[in-house]
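Have a look at the structure below before the remarks.
Throughout, read-outs are computed from the coordinates displayed, never taken from laboratory work. Not measured: the values here are computed from a predicted model. Here the Cβ positions follow ideal geometry from the backbone for every residue, glycine too, while neighbour counts run over all protein chains shown.
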Amino acid sequence: MSDIDALKDEIRKLNARATQKKMDLHDLSEELPQNWQSILTVAQETYDAFKTLTEKRAALKALEKA
């Protein structure tokens, strides 16, 4: 498997994870004020997932240009 194919596979998985975290955050917001204590944790996990996804997408673009 080439580096590009491996990165595309990783991005697919990261995209699914980021989407799930987004839904977790959305679900939490609908349940408020219940579980308000978990807002920071869920928000940080969502942020981290999208940050990693964005970085990997940038890496893929750089690989494809090279």
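Summary table below
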read-out	value
Taking the chain and dividing mean pair separation by its residue count, relative contact order in percent (alpha carbons under 8 Å, at least six apart)	49
Summed residue charge, Cβ within 14 Å of residue 39's Cβ, Lys/Arg positive, Asp/Glu negative	-4
Over the chain: helical MRE at 222 nm, DSSP H runs n ≥ 4 each giving -39500 (n - 2.57), nearest 500	-30500 deg cm²/dmol
The chain: angle of helix 39-65 to the longest principal axis, Cα-based, in degrees nearest 10	10
Integer Hz, Karplus 6.51/-1.76/1.60 couplings in order for region 26-31, x for Gly and Pro	4, 4, 4, 5, 6, 8
Rg followed by Dmax, in Å, when the chain is reduced to its Cα trace	15.1, 50
Lysines with Cα under 21 Å of residue 65, excluding same-chain neighbours fewer than 8 positions away	8, 56
